[in-house]
Amino acid sequence: MTESLSPVLAARLGYQLKALHGRLTAAVTRAIGSLDIDVRDLAVLAVLLAEPPMSQADAGRRLGQDRTTMVATVDRLESRGLLERRADPADRRRNLLQVTAAGRRLHERGERARAGAEASVLAALSADEVAVLRRLLGRLTQA
């Protein structure tokens, strides 16, 4: 992507990050395409499996998704039997999301495909360089 940009823009961090994000998203999308899910679906399953049970609103905040987008994603995953909504026993107005066994299996397959795609995008870097990149990006995103 940066090859087609003006050298002035290609040297800017924002454009470099955007180009890398685009390459990574495209690679992951191709890798998980046969699973009939998208990167957003995979991220929802990952967050819910990492911190169960979680309310729909909390999951949306963790993922940076607005309410409308989150509802549509949860509806789609629920209709496929990949997660369930359950009333929160502490507050029946609130739904808790729980990944089903089918959702766990799909997540495992999706994560393997995602990791392979990520490795292919980062193949130009050594293992040490990838570790440094992750550490630096982590510091910047947490700052």
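Points worth noting:
- All conditions in (1) farther than 25 Å from residue 26 by Cα; (2) basic (Lys, Arg); (3) touching a strand residue (DSSP E or B) at 6+ places or on another chain (Cβ under 8 Å) hold for residue 62, with the sole exception of (1).
- From 87, 59, residue being at pLDDT below 95, over 19 Å from residue 35 (Cβ atoms), part of a strand (DSSP E or B) and of a type in the set (A, V, I, L, M, F, W, C): 87
- Every test in (1) surrounded by fewer than 11 Cβ atoms within 10 Å (Cβ to Cβ); (2) within 20 Å of residue 70 (Cα to Cα) is passed by residue 6 save one, and that test is (2).
- Cβ pairs under 6 Å, 6+ apart, first in segment 110-127 and without any contact (Cβ under 8 Å) to a residue 60 or more places away in the chain and under 16 Å from residue 16 (Cα atoms), second aromatic (Phe, Trp, Tyr) and surrounded by fewer than 15 Cβ atoms within 10 Å (Cβ to Cβ): none
- Close Cβ contacts (under 9 Å, 6 or more residues apart or on different chains) running from residues in segment 3-21 that are among the hydroxyl-bearing types (Ser, Thr, Tyr) to residues that are outside any helix (DSSP H, G or I) and surrounded by 11 or more Cβ atoms within 10 Å (Cβ to Cβ) comprise 15/1; 15/5.
- Residue, surrounded by the fewest Cβ atoms within 10 Å (Cβ to Cβ), within segment 24-43, restricted to residues that are charged (D, E, K, R) and either touching a strand residue (DSSP E or B) at 6+ places or on another chain (Cβ under 6 Å) or within 18 Å of residue 73 (Cα to Cα) (or both): 36
- Failed item in (1) closer than 20 Å to residue 118 by Cβ; (2) among the β-branched types (Val, Ile, Thr); (3) at pLDDT 90 or above, with residue 2 passing the rest: (3)
- Within segment 46-56, the residues that satisfy the criterion of being touching a Lys or Arg at 6+ places or on another chain (Cβ under 8 Å), in contact (Cβ under 8 Å) with a residue 24 or more places away in the chain and either of a type in the set (A, V, I, L, M, F, W, C) or outside any helix (DSSP H, G or I) (or both) are 49, 53, 54, 55.
- Residue that is farthest from residue 64 (Cα to Cα), among those in segment 129-143 that are assigned to a helix (DSSP H, G or I) and small (Gly, Ala, Ser): 131
- Among the residues making up segment 33-80, those that are over 12 Å from the mean Cα position of the chain (by Cα) and among the β-branched types (Val, Ile, Thr) are 68, 69, 71, 73, 74.
The values are calculated or read from the model by the stated rules, or taken from the named source; none is laboratory data. Since the model is a prediction, treat every value here as computed from it, not as a measurement. Don't worry about glycine lacking a Cβ; one is built from the backbone with ideal geometry, like all the others, and counts go over all protein chains shown.
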